[in-house]
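> Have a look at the structure that comes next, please.
Derivation of every value follows stated rules applied to the coordinates shown; laboratory data play no part. If you're wondering where the values come from, they're calculated on a predicted model, not measured in any experiment. We place every Cβ from the backbone using ideal geometry, glycine too, and count neighbours over all the protein chains shown.
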Amino acid sequence: MKANFRKQAGVTLTELILAIALIAVLATVSVLLLDPQEKRAKARDNRRISDLTTLDRSINEYLLDTGNYPDAPLTLRDSTTLPPGGIALDRSADGWIDANLSTYTSHLPLDPINDSTYRYYYYRDTNGYELNAVIEFLTADAANDGGNDPARYEIGNKLDLISP
């Protein structure tokens with residue numbers, strides 16, 4: 001007599017545990033290799049460097065046209081504070097830098113976070129100016145930019161105006 005064996009449909013507990021363990025290992029490896037927090041910080045730093053480069057170009061064009069640097073000398077500006085008479089932080093005509101830069105840029109850049117820690121700074125005297133921003137991830141760029149603060153990315157023609 002032949003025995004009737006039915007095929008069992010279903011998943012054993014061992015197979016289920018192995019599948020969960022494999023998913024956990026793949027998720028851990030993905031997080032370690034991709035590190036989304038690090039990638040976001042790096043992207044914000046790249047934007048900061050790009051923004052300051054654009055603003056640097058605008059300041060130099062303003063200087064060529066007017067013979068002066070924008071804003072009042074010896075006044076520290078930051079991208080979180082609107083000067084008196086300003087309308088909006090990012091407006092190129094009356095934003096966080098107190099000068100009309102609308103001929104040179106469509107808007108004033110703001111730090112991607114723009115809070116009490118991460119913001120842009122601008123300072124000038126009669127002979128030069130400095131722009132800077134706190135860097136989250138690209139610290140080698142900040143340390144090697146020629147400025148006096150290794151934690152900030154500095155750009156301009158007088159990189160010792162803003163003290164660390």
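> So, R0 is 45 Å and r is the distance between the beta-carbons of LEU64 and LEU32; what FRET efficiency does that work out to, to 0.05? Don't skip to the answer; put the middle values down first.
Details: r = 49 Å, r/R0 = 1.10.
That pair, LEU64 with LEU32, gives E of 0.35.
> Per DSSP H run of n ≥ 4, the term is -39500 (n - 2.57); total these for the chain, divide by its residue number, and report the mean residue ellipticity at 222 nm rounded to 500 deg cm²/dmol. Write out the running numbers ahead of the final one.
On the way: 3 runs with 58 residues, N = 164.
For the chain, the value works out to -12000 deg cm²/dmol.
> Taking the 0 to 90 degree range and rounding to the nearest ten, how far is the long axis of helix 13-34 tilted relative to the main principal axis of the chain, both from C-alpha atoms?
20 degrees
> Starting at the first residue of the range 120-137, write each ³J(HN,Hα) from the Karplus equation 6.51 cos²θ - 1.76 cosθ + 1.60 with θ = phi - 60°, in whole Hz, x for Gly and Pro.
Karplus-based 3J(HN,Hα) across the range 120-137 equals 9, 10, 9, 8, 9, 10, 6, 10, x, 8, 9, 10, 8, 8, 6, 9, 8, 10 Hz.
> Using only Cα atoms, find the angle between the long axis of helix 36-66 and the longest principal axis of the chain, and express it within 0 to 90 degrees, rounded to the nearest 10.
20 degrees
> Suppose the chain between VAL11 and HIS107 were pulled fully straight at 0.36 nm per residue; how much longer would it get relative to their current alpha carbon spacing?
So the chain would gain 28.5 nm between VAL11 and HIS107.
> Given charges of +1 on the Cβ of Lys and Arg and -1 on the Cβ of Asp and Glu, with all other atoms neutral, how large is the dipole of the range 1-95 about its Cα centre, in debye to the nearest 20?
Charge dipole of the range 1-95: 1100 debye, to the nearest 20.
> What is the sum of charges, Lys and Arg at +1 and Asp and Glu at -1, for the other residues whose Cβ falls under 15 Å from the Cβ of LEU63? It would help to have the intermediate numbers written out before the result.
Details: positive: ARG57, ARG124, LYS158; negative: ASP56, GLU61, ASP65, ASP71, ASP125, GLU130.
Net charge around LEU63: -3.
> Still on this model: For PRO83, what charge total do you get from the other residues with a beta carbon under 13 Å from its beta carbon, if Lys and Arg give +1 and Asp and Glu give -1?
Residues close to PRO83 contribute a combined charge of -2.
> Which whole-number percent is the relative contact order of the chain (Cα, under 8 Å, 6+ apart)?
Normalised by residue count, the contact order of the chain is 17 percent.
> What is the dipole size for the chain, taken about its Cα centre, with +1 at each Lys and Arg Cβ and -1 at each Asp and Glu Cβ, in debye to the nearest 20?
1400 debye
> Cut-off is 10 Å between beta-carbons; in what order do ILE113, ILE20 appear when sorted fewest neighbours first?
Fewest to most other Cβ atoms nearby, the residues stand as ILE20, ILE113.
> Here's another thing I want to ask about it. Which value in nm describes the separation of the simple spin-label points at LEU22 and ASN46, placed 7 Å from the Cα toward the beta carbon?
Label-label distance for LEU22 and ASN46, simple model: 3.4 nm.
> Please identify, among PRO150, PRO36, PRO73, the residue showing maximal mean-square fluctuation in a Gaussian network model of the chain using a 10 angstrom Cα cutoff.
So, out of PRO150, PRO36, PRO73, the one fluctuating most is PRO36.
> Mind sorting GLU130, GLU15, GLU136 by how few other Cβ atoms lie within 10 Å of their own Cβ, fewest first? Walk me through the numbers before you get to the answer.
On the way: GLU130 24, GLU15 10, GLU136 20.
Arranged by neighbour count, lowest to highest, GLU130, GLU15, GLU136 become GLU15, GLU136, GLU130.
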